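Just so it is clear, none of the values below were taken in a lab; they were calculated from the coordinates. Because the structure is a prediction, the values reported are computed rather than measured. Backbone-built Cβ (ideal geometry, glycine too); neighbour counts: all protein chains shown.
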Amino acid sequence: MSKVFDVNKIRQDFPILDRTINGNNLAYLDNASSSQKPRDVIQCLVDYYENYNSNVHRGVHTLSMEATDLYESARGKVSNFLGATDPNTVVWTRGATEAINLVAFSWGFKNIGAGDAIVVSQMEHHSNLVTWQLVATRQKAELRVVPLTENQTLDMESLADSIDEKVKLVSICHASNSVGSINPVKEIARKAHEVGAKILIDGAQSVPHMPVNVIDLDCDFLAFSGHKMLAPMGIGVLYAKQEILESMEPFMRGGDMVLEVWNDKATWNSIPNKFEAGTPNVADAIGLGAAIDYLTEIGMDNIRAHEIELTDYALQKFNQFEELDVYGPTDTSIRGGILPFHSEYVHPHDIGTILDQEGIAIRTGHHCTMPLMRSLGISATARASFYIYNTFDEIDRLVDAIEHTLRYFSTGKK
Amino acid sequence: MHELYHKEILKHAKTPEFTSQLKTIDSSGYAINQFCGDEVRVNLSFRDGIINDIHIDSKGCSINIASSSLMAVEIKDLDPNKGTLLIDTYKSLMNSKIPDHQPKRILGSLAVMESVKEFPIRIKCALLCTQAFEDAVSGLHI
Ligand SMILES: Cc1ncc(COP(=O)(O)O)c(C=O)c1O
């Protein structure tokens, strides 16, 4: 039993956890890919479509005004959740990927030029690597990739060496989706600011799992996705400091982002609408607001404490598997609830298939971090990842299933 | 529980056949599954128009390794036309459309891969070797 909160009570809020998969209760351990949704969030979408649905910012009729209020109030919830001082610093996007691309196109192409440098790390998700490859190539800038230490934490000495006066942007994940390491982003932000660079924090794996305060971190940009934090798919956020947003060009052109339009020119709406061209994803933004209400009720500190308990327990249980390599730091104060493992005897896909037979959902593959896999000398891992509704019992099932799998592949006995 | 991992599949996954390098390679083919990184290389050597030796270099999951190995067992000593017919039949079997004029029995031991059909997501693992074979024979103008 968790010491932090009553997990069984929480589980009752998630209808999908009642499912059986191949005759077994579902153990959903693929939260780093996407989380499940509580009834509150699902109900909030139904409620929106049944009672408020209409376009926002566009009409004087009641429904449009109500929808706009709900939509803008969700923005306010995100802003409070992040500790931001102004809801207008919250830009809706489709997810972390779009948020990072928005920064690349609207800020990067204007502020990064020939001879400048961009710093990323070896543990970035493709979305925070490939995007900067584009900017670096087009602008003739240098892309510096900071290596990792032997337990897959960021090599802070190399990081310090790579941040010099040429650097215009440090773009780095707060927590790694692939090896779980949590990076000291506050310190990295300070280092970036010392040389006049900006910092983008990819919060896709931190915002859902721990308290994140943009003022405390002093980050210039923060990107994350709703679907990894109990909200619907298709909604995400870019937070940026107000003065930076003001200085940026629009990302896409269309309705809502303009102030005045002539045949040959247009002026831009104020932030954040300047970056939100076209009809937005109203329902899912409101759904993200509902997810934030749910998470706040439990408390982000409690969620982090619960995941530390689970991860400590799992790491200790995994010690019994000599034939498994487990990646990431063992110190859970610098590790998220992510457990990647690899065996030279059983391919991750085979592990994934057998675990699925037992109702256990994990992710296998490169986790959108191919360069990281290459640096580890492997092509794929199996990865279990935890969230608020996971239990010690599910970890026991995971461990038993892995034990069966390893035995089966080494002896052929079921 | 593990219907997917038929005894024969497990055996070929653990100790695949045709893993030795060839002295002369007459034709070579390659396939990679971009999604998961699994890959297969098929090297062929011919004598009197038949496949008289094969080297398989496969990396990845057990289904990929076992199917590549079983494929090699079955295409050895065939001419490329018959090999292609066998591969077409195997693909039809895995895609659940075996026409009457392609009797399943020509597949020999490769037919055990049929158990993979219960796991649709893994069928592509069992078919990667066929792409490598097709790549190897595509330049032969048969
Ligand atoms: C660290 C990290 N960054 C970025 C992303 C991209 O998120 P999305 O696909 O929701 O845009 C992910 C998702 O897996 C992630 O884990």
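Could you tell me which of the pairs A:K166/A:K191; A:K77/A:K110; A:K110/A:K228; B:K97/B:K117; A:K77/A:K241 are separated by over 19 angstrom between their Cα atoms in the structure shown?
A:K77/A:K110; A:K110/A:K228
On the Cα set of the stretch A:304-414, report Rg and Dmax in Å, please.
Reported Rg and Dmax, both Å: 13.5, 40.
Of all chymotrypsin sites (Phe, Trp or Tyr not before Pro) in the stretch A:207-300, which ones are in loop regions per DSSP and have a Cβ with at most 12 other Cβ atoms within 10 Å?
Passing sites in the stretch A:207-300 are A:W262.
Once the Cβ-Cβ distance between A:D400 and A:F5 is put in as r, and R0 is 30 Å, what FRET efficiency do you end up with, to the nearest 0.05?
0.75
Can you give me the C-alpha center-to-center distance between the stretch A:250-303 and the stretch B:117-142, rounded to a whole angstrom?
About 46 Å separates the Cα centre of the stretch A:250-303 from the one of the stretch B:117-142.
Relative contact order for chain A: what is it in percent, counting Cα pairs under 8 Å that are at least 6 residues apart?
Relative contact order comes out at 22 percent.
For a Förster distance of 45 Å, can you work out the FRET efficiency between the beta-carbons of A:F109 and A:N151, rounded to the nearest 0.05?
Plugging the Cβ-Cβ distance into 1/(1 + (r/R0)^6) gives 0.80.
Quick check: the angle from helix A:300-318's long axis to the longest principal axis of chain A, C-alpha only, nearest 10 degrees?
Approximately 30 degrees, to the nearest 10.
How far, in nm, would the chain grow between A:S73 and A:D86 when pulled straight, counting 0.36 nm per residue and subtracting the alpha carbon separation?
Full extension from A:S73 to A:D86 adds 3.5 nm.
Could you compute the net charge surrounding A:T131? Neighbours are other residues with a C-beta less than 11 Å from the C-beta of A:T131; K and R count +1, D and E count -1.
Charge balance near A:T131 sits at -3.
Describe numerically, in nm with one decimal, the distance between label points set 7 Å from Cα along Cα→Cβ at A:N22 and at A:H126.
2.6
State the antiparallel share, in %, of DSSP beta bridges confined to the protein assembly as shown, rounding to the nearest 5.
Within the protein assembly as shown, antiparallel bridges account for around 70 percent of the total.
Please check: in the Gaussian network model of chain A (C-alpha springs, under 10 Å), which one of A:H57, A:H174, A:H367 has the largest mean-square fluctuation.
Among A:H57, A:H174, A:H367, the largest GNM mean-square fluctuation belongs to A:H57.
In the stretch A:42-296, what % of DSSP beta bridges are antiparallel (nearest 5)?
Among the beta bridges of the stretch A:42-296, antiparallel pairing accounts for roughly 45 percent.
What is the ratio of the Cα radius of gyration of the stretch B:7-137 to 2.2 N^0.38 Å, with N the residue count, to two decimals?
Normalised Cα radius of gyration, the stretch B:7-137: 0.97.
What longest range of chain A stays clear of loop-exposed GluC sites (Glu not before Pro) (DSSP non-H/G/I/E/B, at most 16 other C-beta within 10 angstrom)?
A:166-321
Estimate the FRET efficiency between A:H61 and A:S410 by the formula 1/(1 + (r/R0)^6), using the beta-carbon distance for r and 45 Å for R0, to the nearest 0.05.
0.10
May I ask you to derive the relative contact order of the stretch B:7-137, considering only C-alpha pairs under 8 Å and at least 6 residues apart, and to give it as an integer percent?
With pairs under 8 Å counted, the relative contact order is 31 percent.
Describe numerically, in nm with one decimal, the distance between label points set 7 Å from Cα along Cα→Cβ at A:Q12 and at B:K7.
5.0
In the neighborhood of A:Y345, defined by Cβ-to-Cβ distances under 12 Å, what is the net charge if each Lys or Arg adds +1 and each Asp or Glu adds -1?
-3
Between B:S138 and A:D312, what is the spin-label point distance in nm, taking each point 7 Å from the Cα along the Cα→C-beta axis?
In this crude spin-label approximation the distance works out to 5.6 nm.
Please give the net charge around A:L159, taking every other residue with its beta carbon less than 14 angstrom from that of A:L159, where Lys and Arg add +1 and Asp and Glu add -1.
-3
Say the dipole of the protein assembly as shown comes from +1 at the beta carbon of Lys and Arg and -1 at that of Asp and Glu; which of A:G203, A:S333, A:Y408 then lies farthest toward its positive end?
A:Y408
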